[in-house]
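The values are calculated or read from the model by the stated rules, or taken from the named source; none is laboratory data. Just so we're clear, the structure is a prediction, and the values are computed from it rather than from any experiment. Neighbour counts are summed over all protein chains in view; Cβ atoms, including those assigned to glycine, are modelled from backbone coordinates with ideal geometry. Surface areas here come from the heavy atoms of the whole protein model, side chains and all, with no ligands, DNA or RNA. Shrake-Rupley method; radii C 1.70, N 1.55, O 1.52, S 1.80 Å.
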Amino acid sequence: CLTGYACGTANGLPVCRSTTTNIPLFSHVFDILMETPSLPPLQAGIPGPQAPNLKSWQSQYATGSDYHGVAHPSLPNYVGLTSGGTQGIGCDCSPEPGHGSCTVIVDYCLTCTCDTQAQNLADQIEAAQKTWMDFGESMGTPCNVKDSGNYAARHNPFLYYDDVRTNTTRCNSHVVDFSNFNPNSAADFNFIAPNLVSDMHNPDPPNSTNIPAGDTWLGVHVGAILSSSGYKDGGLLVIVWDEDDGSGGLGGNTDDPIGIWLMSPYAKSGGYVSTTKADHYSLLATFEDGLDLGRMGKASQAQPLPDYFPAN
């Protein structure tokens with residue numbers, strides 16, 4: 001095992017684990033980021049016919065009951081999960097990254113760049129000579145910073161890092177349409193942003209179609225990941241939501257738990273539910289420890305998710 005990791009087993013499989021946090025080293029990481037419903041309404045929809053896939057995975061794999069976003073609205077959570085901080089971004093950027101100046105009204109903004117020069121997960125991964133991809137459903141052309149149809153640029157966080165977006169070759173190579181995704185030839189880290197229908201965001205305000213649409217999409221693509229060599233050879237798949245639904249009011253004053261489903265050959269299963277409070281910085285720390293990257297920003301002080309994995 002690498003320095004800082006010890007040999008052991010998990011679920012009968014040989015594994016290298018961080019000697020300080022118990023997080024396994026993963027062969028590949030798949031992170032699917034869904035939108036908006038807090039955990040209570042999501043869970044309310046699962047027992048019925050709305051979400052048969054999430055219901056099935058809830059009993060087969062591991063979930064959390066006290067997992068949280070780190071900000072409101074969506075974009076700061078995406079940036080926080082991939083850089084260890086919201087980087088001063090307090091709104092969903094409009095019309096697109098790289099243009100305008102920011103004026104924030106409550107959670108909303110009128111023309112806003114939201115760009116940042118912050119170190120990010122892509123920088124860490126490349127420095128470690130590993131690979132990464134950001135797959136945006138309905139993106140169309142690579143590195144697309146313009147919203148179109150059901151595509152939302154704000155749900156692809158790597159577009160907001162200056163050292164990615166302004167480097168045409170780098171951006172076009174790594175930030176691409178989801179049609180290019182193949183779990184059997186996956187990068188070491190794969191960020192997946194479903195479009196506004198597939199991620200449960202639209203219609204807005206939500207109605208009875210949101211959860212079924214997202215669950216149907218997940219059923220197709222999660223199934224493919226779980227069957228892939230990229231997952232079976234020691235991978236990690238996380239389905240996580242961006243923020244709570246704001247049902248307690250505007251202004252970022254609510255902090256209801258949000259959904260997280262965690263799957264790995266190394267993880268606990270059989271319906272395990274973590275009751276430990278955690279957030280996107282905890283998940284970033286888990287990604288970083290699981291890929292031997294070191295820690296950024298608030299992830300450096302965060303407790304990762306060791307309780308999702310059996311001890312040696």
Open item on the list: As a test of the definition: which semi-axes, in Å, follow for region 165-250 when you take the square root of five times each eigenvalue of its alpha carbon gyration tensor? Largest first, please.
Closed with: 27, 19, 12
Task: Percent of Cα-Cα distances greater than 12 Å, calculated over region 250-303 - done: 72 percent
- [ ] With no solvent and one equal point scatterer per Cα, compute the Debye intensity ratio I(q)/I(0) for the chain at 0.09, 0.12, 0.14, 0.15 Å⁻¹ and report its log10, rounded to two decimals.
- [x] -0.40, -0.75, -1.05, -1.23
- [ ] Determine the gain in length on full extension of the stretch residue 255-residue 209; use 0.36 nm per residue of separation and subtract their C-alpha separation, reporting nm with one decimal.
- [x] 14.1 nm
TODO: Collect residues whose amide H, placed 1.01 Å from N in the peptide plane, falls under 5 Å from the amide H of residue 175; neighbours closer than 5 in sequence don't count.
DONE: 134, 143
Task: Area accessible to solvent at residue 185, 1.4 Å probe radius, in Å² - done: 80 Å²
Open item on the list: Checking the table 55/130; 55/298; 232/268 against a 23 Å threshold on Cα-Cα, which pairs fail?
Closed with: 55/130; 55/298
Task: Positive dipole terminus of the chain, leading residue within 43, 13, 152 (C-beta point charges) - done: 13
Task: P(r) histogram, all alpha-carbon pairs of region 113-202 included - 5 Å bins from 0, percent - done: 3, 15, 27, 25, 19, 10, 2, 0
TODO: Work out from phi, with θ = phi - 60° and the Karplus expression 6.51 cos²θ - 1.76 cosθ + 1.60, the ³J(HN,Hα) of each residue of region 49-62, listed in order in whole Hz, and give x for Gly and Pro.
DONE: x, 6, 9, x, 6, 4, 4, 5, 5, 4, 8, 9, 10, 10
- [ ] Determine the dipole magnitude for the chain: charges of +1 sit on the beta-carbon of Lys and Arg, -1 on that of Asp and Glu, nothing else is charged, the reference point is the Cα centre, and the result goes in debye to the nearest 20.
- [x] 700 debye
Open item on the list: Using only the alpha carbons of region 158-198, what is the convex hull's orientation-averaged projected area in square nanometres?
Closed with: 3.5 nm²
Open item on the list: Suppose we take every Cα in region 218-312 and form the convex hull; what volume per residue is that in Å³?
Closed with: 138 Å³
- [ ] Quote the Stokes-Einstein diffusion coefficient, in whole µm² s⁻¹, for region 1-94, based on the Kirkwood radius over alpha carbon pairs, a temperature of 10 °C and a viscosity of 1.306 mPa s.
- [x] 95 µm²/s
TODO: Please work out how much length the chain gains when fully extended from residue 301 to residue 224, using 0.36 nm per residue of separation minus the C-alpha to C-alpha distance, in nm with one decimal.
DONE: 24.3 nm
